[in-house]
Amino acid sequence: MFINAHTHHCSNQANVLDLINYFPTDTIEPTAYFSVGLHPWSIDTVTLQTDLERLENLLQHPPCLALGEIGLDKVSKIDFSLQKEVFIQQLHLNKKYNKPVIIHCVRAFQEILSIRKSEQITQPFLFHGYSKNHQLLKQIHDAGCYVSFGKNLCDNQNIQAIFANLKNEVFFLENDNSTTSIKDIYQCASQLQEIPLEELKQQITQSFTTVFGPI
Ligand SMILES: [Zn+2]
């Protein structure tokens, strides 16, 4: 089984588990695994209350494995304090449903980790599309959180070096919005870690079950 921990497209392949990401306003097929959350780009104060209600409803569907992607984005045009407020609201909502959280983070790692601490959030965070340095990765792991890597494992030398040095750490793989297939990303990951593809698949399936629950 190839697990795609964060994607916006369904691959329709029998040996791929896609954790498809939705926004609360999307039409959702609640039979396939999905994650749902209010992305920091799509916050609208006019529809916020309704969006949060829809979100809470969707979090209760058993195939919903995670809250997200939610987070903070310093490049977004949406007011940063509003982003923070909505991020915190969703984290509090999720305390009742206890789902892991897929995090969208642009230049706001410290803010997100500090909110996690101050709001006493215990659900694991998965920083998706990780592309930063080793020190930050250590800080994320020390906070009890995880990352997932995307297509830059196949073409970005800095990330390739960081990934090749990961030892005994839990990680996930994803293709997000890209057209690179999750199988190709697994292939790159297996070469970088110098482990057989089958072993990598088993390892990630085990980690996925631990963090997201039985599949
Ligand atoms: Zn995404």
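The values are calculated or read from the model by the stated rules, or taken from the named source; none is laboratory data. This structure is a prediction, so every number in the text was calculated from the model and none was measured. Cβ atoms come from the backbone with ideal geometry, glycine included; neighbour counts cover every protein chain shown.
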(request) Give the residue that is farthest from the ligand (Cβ to nearest atom), with candidates limited to residues of region 66-118 that are closer than 20 Å to Val36 by Cβ and without any contact (Cβ under 8 Å) to a residue 12 or more places away in the chain. (result) Lys96
(request) Scan region 105-134 for residues that are at pLDDT 95 or above and either in contact with a His (Cβ under 6 Å, 6 or more places away or on another chain) or assigned to a helix (DSSP H, G or I) (or both) and jot them down. (result) Phe109, Gln110, Glu111, Ile112, Leu113, Ser114, Ile115, Arg116, Lys117, Ser118, His128
(request) Kindly provide the set of residues from region 18-46 that are more than 15 Å from the ligand (Cβ to nearest atom), of a type outside the set (A, V, I, L, M, F, W, C) and out of contact with any strand residue (DSSP E or B) (no Cβ under 9 Å at 6 or more places or on another chain), ordered by number. (result) Thr25, Thr27, Thr31, Asp44, Thr45
(request) Provide a single number: the residues in region 154-192 that are of a type in the set (Phe, Trp, Tyr) and either within 16 Å of the ligand (Cβ to nearest atom) or touching a His at 6+ places or on another chain (Cβ under 7 Å) (or both). (result) 1
